[in-house]
Amino acid sequence: MKKAKTGDNKELESKVALFGKMPDMCLTCEKPFDKSDKEMALSWNVVVHGPEETVRLYCPDCWSVAKRITEKFKMHLEEKYGSAEE
């Protein structure tokens with residue numbers, strides 16, 4: 001049981017450290033982000049990349065645009081090459 005708690009503590013410490021790396025604005029539009037605003041914390045998207053754990057922050061508007069672009073590109077690839085499930 002003690003080992004499980006140690007693993008949980010390390011995971012929590014890692015996440016807290018990542019919070020410290022979080023930018024103060026949207027990577028795309030540079031809209032400011034208030035880390036103390038609960039609504040912002042629940043609606044903005046955080047992406048952590050690679051072993052360096054680069055933290056990127058996106059506002060809801062930019063995230064929606066990125067999702068639409070990704071879906072369109074996915075549809076284009078499926079039309080061109082077929083579905084990945086095939």
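Which pairs, out of Lys15/Lys35; Lys21/Lys67; Lys31/Lys74; Lys35/Lys67; Lys35/Lys72; Lys38/Lys67, put more than 26 Å between their alpha-carbon atoms?
Over 26 Å Cα-Cα: Lys31/Lys74; Lys35/Lys72.
Could you size up the charge dipole of the chain around its Cα centre, putting +1 on the beta carbon of Lys and Arg and -1 on that of Asp and Glu, and report it in debye to the nearest 20?
So the dipole magnitude of the chain works out to roughly 320 debye.
On average, how much accessible surface per residue is there in the chain, in Å², for a 1.4 Å probe, leaving out ligands, DNA and RNA?
84
Sorted from largest to smallest, which semi-axis lengths in Å does the alpha carbon gyration tensor of the chain give for its equivalent ellipsoid, taking the root of 5 times each eigenvalue?
Whole-Å semi-axes of the equivalent ellipsoid: 31, 22, 11.
The values are calculated or read from the model by the stated rules, or taken from the named source; none is laboratory data. What you see is a predicted model, and the numbers here were worked out from it, not measured in a lab. When we count neighbours, we look across all protein chains shown, and the Cβ atoms used for this are built from the backbone with ideal geometry, even at glycine. For the accessible areas, the whole protein counts, side chains as well, though only heavy atoms, and no ligand, DNA or RNA atoms are used. Shrake-Rupley method; radii C 1.70, N 1.55, O 1.52, S 1.80 Å.
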